[in-house]
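The structure appears right after this line, and notes come after that.
Only the coordinates and a few stated rules stand behind these numbers; no lab work does. As the structure is a prediction and not an experimental result, all values here were calculated from the model. Cβ placement follows ideal geometry from the backbone for every residue including glycine, while neighbour counts extend to all protein chains displayed.
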Amino acid sequence: MPCNFKSKGRIKISIESDPLKRSTISNELSTIKLEKKVDSQEVTVLHIPGTFQIIGVGTDAVVVQHETEPTFVYKIYVDQAVHKCEVEYSIYEQLKDCKTYAVCYEKGPNFLKLSYEKGPTLYQCLEQGVEINPEVIEEVEAAREYARQKGLNPRDIHLGNVIFQDGHAKIIDVSEYRKSGNDNRWEHLVEGYHMFYSYIKGMKIPTFLIETVKKLYKQEEDIARFFTRLRDLLTF
């Protein structure tokens, strides 16, 4: 399945069209305080104005949404990772004509303004019993191939950063696409999907069980042995 392309003539929406609104939001963004501790996996939010809602927290940044902009989010980087802002912006620029990826509309000193992509993540689909159709897998595969054609390395794709949106896939994190090597996370997910998804399709999978499988995956260096253990777990 080829990557579905966006119109090259699309209009980029930006808060620049309303200078007062832009100034207000920019000022509020500048007051957000983040902290990254050496022994912590995730960024800690020390302060956030009441006009923002936290959408997600990661290892280098948080994603927030302003109450006046329901179709956008802001990815704000912690000080130690602010250099990644420019890198990720350039990646989005290279991927802007493939609609499987989220859209980046603006880059600030420590943030990116991105499209807000509605829908459950694939992780949440498992929790909620939402059926993940094969087209979603195929669309991610096509989007990864498109990224490779652009000279990028589409890695770190997992259940938490692929959105299920109206029967289609939407990838919402491209931050590692300039790193070398392959973590094989997506390849292993696809292999597991074809081997085991028929056993659980449409079922609500308890969070503790998903986390147990994740723990087994991280512990087991031999992927064949991991799949054997997973088969035993699912067919018990």
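Legend: distances between Cα atoms for LYS150/LYS204; LYS179/LYS201; LYS21/LYS179; LYS150/LYS170; pairs beyond 27 Å are LYS150/LYS204; LYS179/LYS201; LYS21/LYS179. In plain terms, the residue of ASP183, ASP39, ASP166, ASP173 with the fewest other Cβ atoms within 10 Å comes first and the most crowded comes last, giving ASP39, ASP166, ASP183, ASP173. Distance between the modelled labels on VAL38 and LYS107, one decimal in nanometres: 3.1 nm (7 Å Cα→Cβ projection).
The simple Förster model, with R0 at 35 Å and r as the Cβ-Cβ distance, assigns GLU211 and THR71 a FRET efficiency of 0.65. The stretch between ASP79 and ILE200 holds 39.4 nm of extra length on full extension. This uses 0.36 nm per residue minus the Cα-Cα distance. Peptide packing for 49-61, 84-96 was compared via the average number of neighbouring C-beta atoms within 10 Å per residue; ordered from the highest value, the list is 84-96, 49-61.
Helical runs assigned H by DSSP (4 residues or longer) give the chain a calculated mean residue ellipticity at 222 nm of -11500 deg cm²/dmol, each run adding -39500 (n - 2.57) before division by the residue total.
Length gained on full extension, THR51 to TYR193: 47.1 nm, using 0.36 nm per residue less the C-alpha separation. Of all beta bridges that DSSP places with both ends in the chain, some 95 percent have antiparallel geometry.
Peptides 120-133, 25-38, 69-82 ranked from most to least packed give 69-82, 120-133, 25-38, packing being the mean of other C-beta atoms within 10 angstrom over each peptide's residues. Put a dot 7 Å past the Cα of GLU93, heading toward its Cβ, do the same for ARG231, and the two dots end up 4.8 nm apart.
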